[in-house]
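Working notes, structure below.
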Amino acid sequence: MSLTGALSSAISALSAQSQSLSMISDNIANSSTTGYKTTSAMFDSLVTASSNTTSYASGGVTVSGRANITQQGLLAATSNATDVAIQGSGFFVVTDAKSGGTVAYTRNGAFTTDNAGYLQNSGYYLEGWRTDADGNVVGSESASNLEAINTQIASTSGSATTKTTIEANLPSDAATGDTYTSSMTVYDSLGASNSMQVTWTKTGTNTWSASFANPTSASDTTTATGTASGTIDITFNSDGSLASTSPNPATVSITGWTDGAADSTITMNLGTAGKTDGLTQYASGETTPSVNVTSIDSDGLSYGKLSSVSIGDDGLVNATYSNGQTIAIYKIAVATFADPSGLAASSNGIYSATVTSGNATLQGSGENGAGTIYGSELEQSTTDTSSQFSDMISAQQAYSAASQIISTVSEMYDTLISAVR
């Protein structure tokens, strides 16, 4: 019956517009939610098989929600060093446990460190690949190599001196057998600072030797901290430039560190043969000649504690220590999908892979079509409140019109019943 069909169609419209309003309500409620993706109402008509050219049977309408997962939100700068956002396609890989958890994906990069040092957001832990200090991934960039990012994995820092560069002038007007001393700073593998004296001895025309005293504590030069060995023979050209060193490369070894540090081998960079970029031999012009040291620079770092963690625009998690050193400790993975719209959504902006979405492909920031990671930024909600209010008005009008149809059908039924009576 036409009236019954009209009533059924109007009821389906009420149901569809109610669901549409629910989606609009969710979108507006999440207008400030980080990484939120709006849901749009998609309406489809229902047609009955009994309709033909001479009679019409109304069908109605059905509605489904389409999550706009691939829609890019604006990136906003924040003051939190562990906030992170993706510009472009892809998701952060997270897990619900520090190890052996269920893998999920998110665009919400508002991560903070918990009391154990892990980067987490709403109970989900950010995953990445472990790197060396230069940011190179240790192992492969694969799913099996991912782990929850633990900022406490390298809570202290300190490195041994492996190279010392000296720029100085040894006086050509010194007499054979004259000696001079300089001092250099040396760090052991535990980050302890030590002082080591270098003795320069003129052994002949255009020839010198450098010998090294046992290192002493930087805080107490009377306390020996190891045993140094190695003597360097130095030869200069007649123009004052460096001719050669023996051994080449020049090295000094330190064994038996009293604090238990590993033995050290230090390469001495004394300059380039034929040039004046390191050691030189020119007349001092002084009554009492002396060694003129321009600089003595040693690598290595003193002991330091983790002071802060930040995420760089390249997706590297960097640790900064009290000794001034900053090193990379993790690289954040970006997961891309063949059909990201097929992901299953959960609360807190979490998504799960499905048969429709396909399996995740893991990439580094900006690699092979993956989005670029930006530190200290967050992706804003994609909700446009103006368009949502417009959709809400349309839904309200359609709902009112459908309810009016029900009222009209009711009146027509009353007329029909009255006619029968």
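Table for the structure above
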read-out: Derived scalar couplings ³J(HN,Hα) [region 353-363; Karplus, 6.51 cos²θ - 1.76 cosθ + 1.60; whole Hz; x for Gly, Pro]; value: 6, 10, 4, 5, 6, x, 7, 6, 10, 9, 9
read-out: C-alpha center-to-center spacing [region 278-336, region 56-130] in angstrom; value: 36 Å
read-out: Between helix 385-420 and the chain: long-axis angle, C-alpha atoms, 0 to 90°, nearest 10; value: 20 degrees
read-out: Relative packing of 64-75, 261-272, which averages over residues the other C-beta atoms within 10 Å, highest first; value: 261-272, 64-75
read-out: Per principal axis, descending, Cα span of region 5-113 in whole Å; value: 69, 32, 22
read-out: Cα pair distances exceeding 18 angstrom across region 241-383, given as percent; value: 77 percent
read-out: Between 0 and 90°, nearest 10: helix 2-29 axis offset from the chain longest Cα axis; value: 20 degrees
read-out: Proximal lysines to Lys305, defined as alpha-carbon separation beneath 25 angstrom and excluding residues fewer than eight positions away on the same chain; value: Lys98, Lys163, Lys331
read-out: Inter-probe distance in nm under a simple model that places probes 7 Å from Cα toward Cβ, at Leu190 and Asp239; value: 4.9 nm
read-out: Ordering of 244-257, 159-172 by packing [mean C-beta count within 10 Å, highest first]; value: 159-172, 244-257
read-out: Directionally averaged shadow of the chain, computed from the convex hull of its alpha-carbon atoms, nm²; value: 32.7 nm²
read-out: Rounded if a/c under 1.5, otherwise prolate or oblate - region 161-299, Cα gyration tensor axes; value: prolate
read-out: MRE, 222 nm, helices only [DSSP H, n ≥ 4, -39500 (n - 2.57), over the chain, to nearest 500]; value: -5500 deg cm²/dmol
read-out: Length-normalised contact order of the chain in % [C-alpha pairs under 8 Å, at least 6 apart]; value: 23 percent
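Taken together, the values in this text are just the output of simple stated rules run on the coordinates, not laboratory data. Remember, it's a predicted structure, so these values are computed and weren't measured experimentally. Quick reminder, even Gly has a Cβ in these numbers, built from the backbone with ideal geometry, and neighbours come from all protein chains shown.
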